[in-house]
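One structure below.
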Amino acid sequence: AVFLGNQKMALDWIYKDVGQDPFNVDVYVPPVIPYAYDYLFNWLGSGKYDRVPDRELVGNLYTIYEVDIPHPERLDAWLNRQIKIGRVIKEERFGGIIVQRRMRF
């Protein structure tokens, strides 16, 4: 399941994992519009963590994706694109949310 609490835990994990290093995020959510995460990174990043993901490409890339039971082919296509962008270093799950730390190629 995907809940606000799980989304917040996913972001907390990212900020704890990355420390003060620069990072980017890439998000997949059904129906492929990540407004909730845009809001959460702005809210938690600007307040609690005092920084938001970098706009310029950096080595640390965090991919966040939610299960997409009605359209698994869309998630599969998105994940196949991610394979070409960076190598998975670490992965955590928060309910129906998966977060991967990748090192960008």
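The values are calculated or read from the model by the stated rules, or taken from the named source; none is laboratory data. What you are looking at is a predicted structure, and each value in this text was computed from that prediction instead of being measured. Here the Cβ is made from the backbone with ideal geometry for all residues, glycine too, and neighbour counts use every protein chain on show. For the accessible areas, the whole protein counts, side chains as well, though only heavy atoms, and no ligand, DNA or RNA atoms are used. Shrake-Rupley method; radii C 1.70, N 1.55, O 1.52, S 1.80 Å.
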Here are Arg81, Arg74: which of them is touching a residue at least 40 places away in the same chain (Cβ under 8 Å) and under 14 Å from Val27 (Cβ atoms)? Arg74
Could you list, in sequence order, all residues of the stretch 80-94 that are open to solvent by 40 Å² or more (accessible area, probe 1.4 Å), not β-branched (Val, Ile, Thr) and not in a strand (DSSP E or B)? Asn80, Arg81, Lys84
Looking only at the stretch 56-67, decide whether some residue is open to solvent by 30 Å² or more (accessible area, probe 1.4 Å), modelled with pLDDT of 95 or more, part of a loop (DSSP other than H, G, I, E, B) and touching an Asp or Glu at 6+ places or on another chain (Cβ under 7 Å). no
